[in-house]
Amino acid sequence: MPASPGAFTPEDHHARSAMGPPLGEPAPATGPAEAAAAASGTPALTADQQGAVDHRGGPLVILGGAGSGRTQALVARFAALVAEGVAPEDILLLTRTAAAADALHARVHDALGDRPFEELPVLPVHGMCARLLRDEALEAGIDPFAVTATPADRLALLLDRVDELTLRRHDLRGRPAAVLGAVLARIDRLKEAGVRAGRFAEWAATLAADTERGEREREFAGLFEAHDRLLLAHGLLDFGELVLRSQELLERRPHVRERTAARWRHVLVDDLEDLTPAQAHVVTLLAAEHGDLAATADDDQAVGEPRAVAARLQAFVGGAVGGRPVHVVRLSRSLRCPERIVTAAEAVVAPIADRLDEAPDRIGSGAAGDVRLWRCATGRAQAQGVAAAVERLVREGTRPGRIGVLVRSVRNEGQELAVALEERALPYRLAGAAAFFGQAEVRDVLAWLRLLVDPGDAGAVVRALARPPIELHAVDLARCIQIARRRKLDMVSALVAATESPQLPPEARERVLAFLKLHRQAAAALDTTRPDLFVHRLIERLGLRRQQVFAAQADVVERLVSLARVGELAASYARRAPQATPREFARWLAAVAEAGGMHDAEDEDEGQPRDDAVAVLPLHAAKGLEFDHVFVCGLQASRMPGARRQLIEPIPAELLGDAGEGDSREEHLAEMRRVLHVAMTRAREGLVLAYAVASERGSPQHPSPFAEEARAALGAEWEDVEEQLFGPDEALHATIGQLRDELLADVQQIGTRLGELRLDTDLDVAHGVTRYLELLKLSALLARPTGQPVADALPGINAAILQAATGQQREILQTSSLDEVLLGAERDAGVRAAATAARHEPSLAPFLPRRGDGLALSASDIETYRTCPLKYKFARVFRVPQEPTINQRFGIVVHQVLERYHQGSDPHQPRSIDELLGLLEAGWRRSGFGATDEERQLRGKAETALRRYHQRFQAEDAEPMWFEKSFTFKIGPHVLRGRVDRVDRLPDGRYELIDYKTGRPRTAAQLRDDVQLALYAVAATQAWGLEASRQSYLYVLDDRKVPLPDDGGDAEWISETVLEVGDGILGQGFEPTPSYAACSICDYRIACPASER
């Protein structure tokens, strides 16, 4: 029987707390620190924890699993030392990230109670290193005013100097930010292992000179040295450099080491397993003089630094610090997780071969717990199941902040979950840097910054026009874009021209003039104002903060915080580069956003849970958090463990030494086991493991083998969760949320217009009141008697509202589509959204590519609409101008060269390779390509590909018949047109239709639903009378031909597809269908509402 997601039955926390300590748990111990603990209200310690607190006279490591109270013991040890007379300033408490340090700081502060102190040195390791180097700048030989460089700073710096870097051996693929991000990741990994640029260059010099690897590694060595040189020239130190310079300082300056030991007489370290080798070395140097080091560790939770973790911890446990052996305290019982959750989580990590021998056995808390396994029909069913269960938990009294939804990637699974939670009006919070740049308000600021720097950035201008405070109607936006294309102007210049055009109605002209006024004011200050002040004024002039006063979303506070964070980023940038202008900050912010939002270490896990919102987090960000109920989603085998992450080049084993390469399949499996183990052990009461049986395209998916191991350990079975069609109440909840947001937006707009001299002010007010009356209608429907159909309740409610409304309001209510939405579109959120939008937006019919009663369509048009209807709207209806990317220009050149090569030549006597390369030379110059490393890479690829093409063309038995052959035919009312690159007659008399591609090859299986080749097959029959044909893609760069499978799309399928797409376009169905694969390469991301929240 399919499971009802809402049937998730949490244990009552009040019953749990009334039960007292779980059965078998040691009674609270008494010791020197109990007074401090009692005064601060912290939980009583177990005997083992108290032993860790009381230990004196040498280094200590506290080994314990998730929820065993390791950190609690460490905080209690801090408080106990203070109670014994040690000044808080003399105790250094370290952890890996700034977020974890903040959380520890709060816990220590609470544990100390009213005890006064000057400061609490609770720091991330890199923050401690920065402080040490600043205080000992003369000894360290560095600039005392050096600033810590974040990953985003470094990426922007490299992008700014990309033309000065040697990148001939690193394939940029048109995305230099992504490649340079990978370069930075590799530099960081090397520095974490203690490898500097000089040492890497020495190793690279030993590689053979005539090998591809040798050349690449020497080029990387140059990038490594250039990176460090650029940072030094700008007074910057990255996190790895901070640690390495601190290590050198403490190793080479014994008096500095002694001075530091006297400053911090006790060193405490939380989560030792997550420290890099270089960080761990610095920690041991800090305590080398006095040996008073206490650390917590658990190799099963090593998600920050998983490589060779057991060997590293084993060496620490079996070693000595300050000449004293390490004492070990083991915490076996989980104080957080019930037995069933511990059993399931232990089954996931049990197969790891490299586990710490000294680790204690895992024992559950003894409380009742629930673990369920969901086999969901689709990703949508999974999201709906989670939302239904969360709604039930909240209704039963669980605070939203005590519920965690963990996914492999917020960018992938997070958006689907967000939609499902919104449909049930549940407050939630997406975490991560990508989520920050997905905030609508942050994207508004980014769009304005981009268009101010580049008026030709059409996507940014389109967003600025469509969003508050301008809110230009779509049809007027289409008119402005049409003017830009016809007059060949950038978008801002086109808007100036549009104000003088009779095409634009008066209201639209007012909105465009308001945009131009804002643009002039901002552009005037772009090169004369501090970045932080500029961003603050821009946010105020756009009214982004004021808009939140009228917002009804549960995350209003978060949105305001995000706006503040944009200002903080600008202020931080100004501190690092005091002479920088807003123009430079805009380029930096755009580069960071384009690279996927490389977040700073200070902001790691910046999505800390809030009490009022469900947390949607990536699995890697779960450590250190705790929830009553946890849902772990996306546990398909393809995602967990999934493919292993690889850097641009493996780290040389010779340089990493004992740390190993860390890129083997076994290492990846072990890392993913630990990540899932950590996620599962965040739960105090209930845990759900879920996966989707079918992918977005309907391909079958299998459960993660890790989830199967947990299932076997529990003796449980998978529960089927089907996709839920919207019922009346769900439709009402979703619609009331849409109308509520619409009403509040209308209130703001109407309020700003009341003071203007307008003829339609009374109509504006009537529309605002009508929205409010419709909200009353929805509220009444939600309060209808249980079991009463919406259709039965609606007439009486309508009658009561119409009786109270004015004549003008009645007219608006009677023409509203709301009733139709509620009665006929309960199952389709897209229909609801379209119906709501239709109440405001005029038709875009004049801008559709009409031909007679139908449309003019190409294979590209059809594929674009199937990928995302909104992308089709931007590209084919609005026709938003886009500068071709370097990869697009490259593909055009290769196609043109092959076209000219075959023009006028005898197919039986092809032209020479020299002629082909000569055409490339001419085409390359004509297309404006230069001599950057990226362009040289592409030129080399083109030459190699054309030589292979020439050889293939001469060797093939097929007879070329036509090149660049056009076709036009009809399917239903629609006109289909296009052009086939090449048509060959095969030896058996059949014909092969060949299309050139310069992208990555797709497999035959991936081509089964390919529209382009299937359409070519129909065109061959309809337009040319070729009854038998074969269709293939020739991937020119890879010299690989991939034919369409025999069971690929047939004539009937392509006809149905064309008619379906045509109906969608004519019906103006432009709802977005976001997916990571499509959105990550979309040219319209900045303007797209589907990529924001």
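Some values worked out for this structure:
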item: Selection from segment 682-701 of residues that are over 24 Å from the mean Cα position of the chain (by Cα) and not hydrophobic (A, V, I, L, M, F, W, C); result: ARG684, GLU685, GLY686, PRO700
item: Breaking point among (1) in contact (Cβ under 8 Å) with a residue 12 or more places away in the chain; (2) not polar (S, T, N, Q); (3) not assigned by TED's automatic domain parsing to the domain that holds ALA261, for PRO144; result: (1)
item: Check on GLN1031, out of contact with any His (no Cβ under 8 Å at 6 or more places or on another chain), closer than 22 Å to SER1055 by Cα, among the polar types (S, T, N, Q) and surrounded by 21 or more Cβ atoms within 10 Å (Cβ to Cβ); result: yes
item: Segment 536-563, residues that are among the basic types (Lys, Arg) and modelled with pLDDT under 75; result: ARG546
item: Every residue from segment 505-534 that is among the basic types (Lys, Arg) and closer than 27 Å to ARG565 by Cβ; result: ARG530
item: Any hit, segment 137-146, residues being buried (at least 20 other Cβ atoms within 10 Å of the Cβ), part of a helix (DSSP H, G or I) and under 25 Å from the mean Cα position of the chain (by Cα); result: no
item: Index of the failed condition, ALA1077 passing every other in (1) surrounded by fewer than 18 Cβ atoms within 10 Å (Cβ to Cβ); (2) in the same structural domain as THR944 (by TED's automatic domain parsing); (3) not in a loop (DSSP other than H, G, I, E, B); result: (2)
item: Segment 365-398, residues that are more than 15 Å from LEU421 (Cβ to Cβ) and assigned to a loop (DSSP other than H, G, I, E, B); result: SER365, GLY366, ALA367, ALA368, GLY369, ALA377, THR378, GLU396, GLY397
item: Filtered residues of segment 83-97 (kept if more than 19 Å from PRO124 (Cβ to Cβ) and among the aliphatic types (A, V, I, L, M)); result: ALA83, VAL86, ALA87
item: Matching residues, segment 451-460, being of a type outside the set (A, V, I, L, M, F, W, C) and surrounded by fewer than 23 Cβ atoms within 10 Å (Cβ to Cβ); result: ASP454, PRO455, GLY456, GLY459
item: Top-ranked residue in segment 177-228 [being among the β-branched types (Val, Ile, Thr) and under 20 Å from LEU158 (Cα atoms); ranked as surrounded by the fewest Cβ atoms within 10 Å (Cβ to Cβ)]; result: VAL179
item: Residue satisfying all of: in segment 928-965; polar (S, T, N, Q) and at pLDDT 90 or above; nearest to the chain's Cα centre (by Cα) among these; result: THR944
item: Options PRO502, PRO468, PRO455; residue that is assigned to a loop (DSSP other than H, G, I, E, B), without any contact (Cβ under 8 Å) to a residue 24 or more places away in the chain and on the phi < 0 side of the Ramachandran plot; result: PRO502
item: Enumeration of residues in segment 230-285 that are under 36 Å from the mean Cα position of the chain (by Cα) and free of Cβ contacts under 8 Å to residues at least 24 places away in the same chain; result: LEU232, ALA233
item: Residue match in segment 118-127 (condition: in contact (Cβ under 8 Å) with a residue 60 or more places away in the chain, of a type in the set (Asp, Glu) and in contact with a helix residue (DSSP H, G or I) (Cβ under 8 Å, 6 or more places away or on another chain)); result: no
item: Number of the exception - ARG1000 against (1) outside any loop (DSSP other than H, G, I, E, B); (2) closer than 29 Å to ALA458 by Cβ; (3) basic (Lys, Arg); result: (1)
item: Of residues in segment 1051-1073 being assigned to a helix (DSSP H, G or I) and acidic (Asp, Glu), the one surrounded by the fewest Cβ atoms within 10 Å (Cβ to Cβ); result: GLU1052
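Condition check ((1) buried (at least 18 other Cβ atoms within 10 Å of the Cβ); (2) in contact with a helix residue (DSSP H, G or I) (Cβ under 8 Å, 6 or more places away or on another chain); (3) at pLDDT 90 or above) across all residues:
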{"site": "ARG879", "(1), (2), (3)": "no, yes, yes"}
{"site": "PRO884", "(1), (2), (3)": "no, yes, no"}
{"site": "VAL893", "(1), (2), (3)": "yes, yes, yes"}
{"site": "GLN896", "(1), (2), (3)": "no, yes, yes"}
{"site": "GLN903", "(1), (2), (3)": "no, no, no"}
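Quick grid of which residues meet (1) at pLDDT 90 or above; (2) closer than 27 Å to ARG355 by Cβ; (3) in a loop (DSSP other than H, G, I, E, B):
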residue	(1), (2), (3)
ALA15	no, no, no
ALA18	no, no, no
ALA39	no, no, no
GLN72	yes, yes, no
ALA76	yes, no, no
ALA79	yes, no, no
GLY85	yes, no, yes
ASP110	yes, no, no
GLY127	yes, no, no
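Here's the yes/no breakdown for (1) in contact with a strand residue (DSSP E or B) (Cβ under 8 Å, 6 or more places away or on another chain); (2) hydrophobic (A, V, I, L, M, F, W, C):
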| residue | (1), (2) |
| --- | --- |
| ALA52 | yes, yes |
| LEU60 | yes, yes |
| GLY65 | yes, no |
| GLN72 | no, no |
| VAL82 | yes, yes |
| ALA87 | no, yes |
| ARG96 | yes, no |
| ALA101 | yes, yes |
| HIS109 | no, no |
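The values are calculated or read from the model by the stated rules, or taken from the named source; none is laboratory data. Predicted model, so just to flag it, every value in this text is computed and none were measured. Cβ coordinates were reconstructed from backbone atoms using ideal geometry, including for glycine residues, and neighbour counts include every protein chain displayed.
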